[in-house]
Amino acid sequence: MLTCDDRTIANGPELLDRLAGTGLRHIGFKDVGADAPELRRIREAIRGLGATSYLETVTTGAEAVLESARAAVDLGVDCLLGGTRVEETLEIIEGSGIAYYPFPGSPAGHPTRLDGSAADIAADCRRFMALGCAGADLLAYRARVAEPLALVRAAREALGDGRLIVAGSVSSQHQIAALGAAGADAFTIGTAILKGKGPADFGAVRERVVAVLAGRAASAGDFA
């Protein structure tokens with residue numbers, strides 16, 4: 001994710017230029033932190049790499065969530081992550097070809113935190129699949145009370161053939177391995193690689209991206 005502290009970074013297209021040739025094929029950004037022209041630049045840069053694009057909704061206001069869905073259609077992203085107004089979002093993106101992965105449970109705040117038990121997560125995931133979603137975007141490591149991997153296992157069972165993406169606060173190869181073992185299909189990682197990194201440090205960011213893709217630990221298993 002071209003994001004740090006749940007906000008899209010300012011120099012995304014420039015960073016993507018430095019990530020060419022790493023094999024990175026899934027790249028996302030959030031609906032806050034950059035204006036519409038900058039988000040379009042990012043989308044075009046992702047397209048230039050031949051990668052799949054993701055817009056993640058982290059705004060929580062009712063109308064703002066739907067505005068993010070409209071922005072996803074306007075930008076022409078491949079996947080839309082997040083939000084909880086599932087039926088209305090599906091109506092907005094209908095016919096666009098966008099794959100939708102809503103948030104199960106009760107996300108709140110910014111940076112977003114997650115409330116909800118494993119049973120709550122499973123119930124939401126079953127509902128998403130019944131509505132025609134592609135899967136779910138689970139904030140497992142943002143859970144306030146529930147054990148993160150218990151939420152991942154519950155979501156995996158409930159989604160059936162749906163895709164399970166785990167988002168937020170992934171910062172080590174240990175977590176990545178645990179998510180895979182629990183049934184996650186994919187995960188997002190942004191802040192752990194990009195925190196405090198400006199253009200002068202793009203080389204270090206590239207090294208960390210390569211380490212994640214190769215499944216190698218970077219600095220004793222942590223990327224932050």
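The table that follows gives values for the structure above.
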{"read-out": "Residue list for the stretch 123-161, filter: of a type outside the set (D, E, K, R), under 22 Å from Asp78 (Cβ atoms) and surrounded by 15 or more Cβ atoms within 10 Å (Cβ to Cβ)", "value": "Cys125, Phe128, Met129, Cys133, Ala134, Gly135, Ala136, Leu138, Leu139, Ala155, Leu159"}
{"read-out": "Unique match (being modelled with pLDDT under 95, open to solvent by 30 Å² or more (accessible area, probe 1.4 Å) and of a type in the set (Asp, Glu)) among Asp115, Asp120", "value": "Asp115"}
{"read-out": "Test result for Ala184, at pLDDT 95 or above, buried (at least 20 other Cβ atoms within 10 Å of the Cβ) and in a loop (DSSP other than H, G, I, E, B)", "value": "yes"}
{"read-out": "Of all residues making up the stretch 43-74, the number that are buried (at least 21 other Cβ atoms within 10 Å of the Cβ), in contact with a helix residue (DSSP H, G or I) (Cβ under 8 Å, 6 or more places away or on another chain), within 19 Å of Asn11 (Cα to Cα) and not basic (Lys, Arg)", "value": "4"}
{"read-out": "Positions within the stretch 29-49 being in a loop (DSSP other than H, G, I, E, B) and not β-branched (Val, Ile, Thr), in sequence order", "value": "Asp31, Gly33, Ala34, Asp35, Leu49"}
{"read-out": "Pair list, Cβ under 6 Å, 6 or more apart: the stretch 82-96 residue under 19 Å from Leu164 (Cα atoms) and open to solvent by less than 50 Å² (accessible area, probe 1.4 Å), other residue of a type in the set (Gly, Ala, Ser) and at pLDDT 95 or above", "value": "Thr89/Ala69"}
{"read-out": "Pick from the stretch 198-224, criterion buried (at least 18 other Cβ atoms within 10 Å of the Cβ) and not in a helix (DSSP H, G or I), ranking: modelled with the lowest pLDDT", "value": "Ala218"}
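The values are calculated or read from the model by the stated rules, or taken from the named source; none is laboratory data. Please read all numbers here as calculations on a predicted model, not as lab measurements. Every residue, glycine among them, receives a Cβ derived from its backbone with ideal geometry; neighbour counts consider all protein chains shown. All accessible areas refer to the heavy atoms of the entire protein, side chains included, with ligands and DNA or RNA removed. Shrake-Rupley method; radii C 1.70, N 1.55, O 1.52, S 1.80 Å.
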